[in-house]
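Read through the structure below, which is laid out as structure tokens, and then see the notes.
The values are calculated or read from the model by the stated rules, or taken from the named source; none is laboratory data. Only a predicted model underlies this, so the values are computations on that prediction, with no experimental measurement involved. Using ideal geometry, Cβ is built from the backbone for each residue, glycine included, and neighbour counts are taken over all protein chains shown.
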Amino acid sequence: MKKSSHIYLKNLTKEYQEGEKTRKVLDQLNLNVAEGEMIVLLGRSGSGKSTLLNLVSGIDKPDAGEIKIGDTNLGELNEKDRTLFRRKNIGFIFQSFNLISTLTAKENVLLPLKLKGDTDEEAGQKADTFLKEVGLGDRGDSYPDRLSGGEQQRVAIARALAHAPMLILADEPTGNLDYETGATILDMLNKLVRENNRTIILATHDRDICKIADRVLEIRGGTLSPVEDLSEMTGS
Ligand code: ADP
Ligand code: MG
């Protein structure tokens with residue numbers, strides 16, 4: 001059966017406890033994303049962008065509501081199976097990179113490939129290809145603390161994409177990059193979606209990114225609404 005990356009979110013609710021008070025970050029949020037669609041998610045800092053991506057990736061669990069990716073209902077999986085599902089199907093580009101500091105750049109990219117079952121040779125080739133794609137072909141042996149923020153972000157992007165995930169979740173992936181590098185990374189993501197029918201949800205503050213999106217949504221008050229006219233945004 002063909003894997004599908006169609007995403008279906010129904011009545012998603014997520015609350016956090018703040019002392020005595022409960023803060024509802026997502027409030028019965030609904031979203032349908034078609035396979036091959038590129039969604040840009042805008043919203044002020046603290047509006048719940050990272051919370052939403054963490055739920056869709058299965059890193060975190062909602063308090064209520066349903067998350068389906070293709071035929072898989074994440075709510076029906078235990079934590080171990082959610083992790084396996086994520087490794088296989090999702091590429092997550094974290095806001096804070098989350099590189100493993102004791103591994104070189106190349107080893108960081110290799111790790112998910114090995115976990116997925118690639119041979120050393122296959123994994124090595126893919127890692128080299130993707131490090132080259134993000135402009136770090138000669139930095140594979142460097143440890144993260146020898147790389148700039150932008151370089152670390154690019155390693156994180158190579159790591160997220162190398163195992164050819166059907167769904168890419170990107171949390172402010174260009175936030176730490178200079179304009180030119182950011183544009184290169186976006187071109188790459190855009191090409192991937194268009195040529196391979198991958199699905200992307202990308203959270204950002206950067207309105208330039210909206211130009212390449214199929215749909216731009218704003219998260220506010222715990223729900224999503226379409227942004228037709230960027231000049232009407234509440235600011236971020
Ligand atoms: P964004 O990514 O849009 O900046 P977040 O999803 O990170 O927003 O956060 C949304 C809200 O939820 C913020 O008010 C944040 O303080 C709160 N929040 C996020 N994660 C936690 C957590 N683990 N515990 C408590 N509050 C959290
Ligand atoms: Mg965030």
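Cβ contacts < 9 Å: first residue more than 12 Å from Arg159 (Cβ to Cβ) and modelled with pLDDT under 95, restricted to region 79-104; second residue within 16 Å of ligand 2 (Cβ to nearest atom) and among the acidic types (Asp, Glu), any location; separation 6+ or different chain. Result?
Pairs found: Gln95/Asp171; Gln95/Glu172; Ser96/Asp171.
Name the residue that is modelled with the lowest pLDDT, counting only residues in region 129-149 that are assigned to a helix (DSSP H, G or I) and surrounded by 18 or more Cβ atoms within 10 Å (Cβ to Cβ).
Applying the filter and picking the extreme gives Glu133.
Go through region 27-79 and give me each residue that's assigned to a helix (DSSP H, G or I) and within 17 Å of Met166 (Cα to Cα).
Leu53, Asn54, Leu55, Val56, Leu74
Of all the residues that make up region 1-53, how many are surrounded by 13 or more Cβ atoms within 10 Å (Cβ to Cβ) and at positive phi?
5
Within region 51-106, can you find the residues that are within 18 Å of Ala127 (Cα to Cα), small (Gly, Ala, Ser) and in contact with a strand residue (DSSP E or B) (Cβ under 6 Å, 6 or more places away or on another chain)?
Answer for region 51-106, where residues must be within 18 Å of Ala127 (Cα to Cα), small (Gly, Ala, Ser) and in contact with a strand residue (DSSP E or B) (Cβ under 6 Å, 6 or more places away or on another chain): just Gly91.
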